[in-house]
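The values are calculated or read from the model by the stated rules, or taken from the named source; none is laboratory data. Note that the coordinates shown come from a computational prediction; the quantities given were computed from them, not determined experimentally. Counting neighbours? That spans all protein chains shown, and the Cβs are built from the backbone with ideal geometry, glycine included.
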Amino acid sequence: MMTDWSTVTILKSDYSEYGGEVERWKNENESYPDCSGGCKHFARTDEDWGVCKNPNGPREGLLTHEHQAGKDCFEQE
């Protein structure tokens, strides 16, 4: 299934492979988690998608691909 990325809001805080400015794995001493790793704020809508419900997260309330973001807002379940 091909994703129509025109329906997804892209933020600077997203990983670069998803249109954002965060270059994942740029610094090997930093952590680069994403929603698929068990973020307690990720409310899944299907296998790959969900909505961020982190009130302090940049993607709060936005449809989000599970690998799109997470740096500096991920919290383990």
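Here are the numbers:
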read-out: Test: residue in the range 30-37 that is hydroxyl-bearing (S, T, Y), touching a helix residue (DSSP H, G or I) at 6+ places or on another chain (Cβ under 8 Å) and modelled with pLDDT of 95 or more; value: no
read-out: Flag for G70 being touching a helix residue (DSSP H, G or I) at 6+ places or on another chain (Cβ under 8 Å) and small (G, A, S); value: yes
